[in-house]
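A short write-up of the structure that comes next.
None of the figures in this text is laboratory data; all of them are computed from the coordinates on show. Remember, it's a predicted structure, so these values are computed and weren't measured experimentally. Counting neighbours? That spans all protein chains shown, and the Cβs are built from the backbone with ideal geometry, glycine included.
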């Protein structure tokens with residue numbers, strides 16, 4: 001039986017990445033630390049739900065003739081709320097669906113407001129496409145953790161976290177870095193993999209992730 005949850009929150013996930021993992025230096029992680037992380041993750045869920053209910057009420061109270069700046073502010077808060085929700089413990093699919101519907105409602109209001117303005121139409125289309133792509137990336141917990149304003153993955157732990165991820169998670173995560181950042185990450189990853197025991201299972205797995213990382217590198221000067 002695993003000591004970790006099926007759908008952990010950010011704190012528990014970070015402990016899970018490090019647990020018995022030589023890429024992180026195999027830190028000693030106690031059962032008490034894991035229990036405490038779960039408790040804090042649950043507190044995050046409760047705090048989020050309180051804020052979410054308040055935000056939903058603000059959308060409900062929004063008047064049809066509301067000032068554009070007010071609508072934009074709420075839309076930005078819904079976007080941030082989705083990002084925050086993506087990293088929470090448990091199954092938050094229903095909440096994310098509600099947030100998506102609320103955003104769609106506000107976007108429909110904005111579409112109605114711009115009339116036949118072609119330039120504004122193009123701008124909204126680009127925004128909707130960018131949001132859809134961003135939300136799809138956030139379905140990967142590693143990306144939700146990396147993009148969180150309160151990310152627990154510090155600079156020294158970025159490369160170990162990437163090398164510990166699945167091939168799919170790594171490929172998606174590499175997309176959020178600029179080409180020059182990707183190459184720096186790759187060089188650091190190569191040195192870290194070389195430092196591992198070449199007879200170990202972890203070395204074999206990390207070596208494959210290094211190959212995957214190299215395949216995901218963008219040409220210098222390109223825009224991802």
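Couple of notes before you dig in:
- Rounded, prolate or oblate (a/c below 1.5 giving rounded, otherwise prolate when a/b exceeds b/c) for segment 38-150 by Cα gyration tensor: oblate
- Our summary gives the chain a relative contact order of 20 percent, counting only alpha carbon pairs under 8 angstrom and 6 or more residues apart.
- Principal-axis tilt of helix 93-114 within the chain, Cα atoms, nearest 10 degrees: 40 degrees
- Tilt relative to the chain, helix 118-138 - C-alpha long axis, 0 to 90 degrees, to 10: 30 degrees
- Sorted largest first, the spans of the alpha carbon positions of the chain along the three principal axes are 66, 46, 24 Å.
- Cα gyration tensor shape for segment 1-87, rounded if a/c is under 1.5, else prolate or oblate: prolate
- Shape analysis of segment 154-216 places it in the prolate category; the axes a ≥ b ≥ c from the Cα gyration tensor give an a/c of at least 1.5, with a/b above b/c.
- Relative to the longest principal axis of the Cα atoms of the chain, the long axis of helix 31-60 lies at roughly 10 degrees.
- GNM flexibility winner over the chain from 107, 126, 98 (Cα, springs under 10 Å): 126
- Peptides 59-72, 161-174, 83-96, 198-211 ordered by average Cβ neighbours within 10 Å, highest first: 161-174, 83-96, 198-211, 59-72
- The helix-only estimate of mean residue ellipticity at 222 nm for the chain, built from DSSP H runs of length n ≥ 4 each weighted as -39500 (n - 2.57), is -23000 deg cm²/dmol after division by the residue total.
- Burial order of peptide ranges 180-192, 27-39 (average beta-carbon count within 10 Å, highest first): 180-192, 27-39
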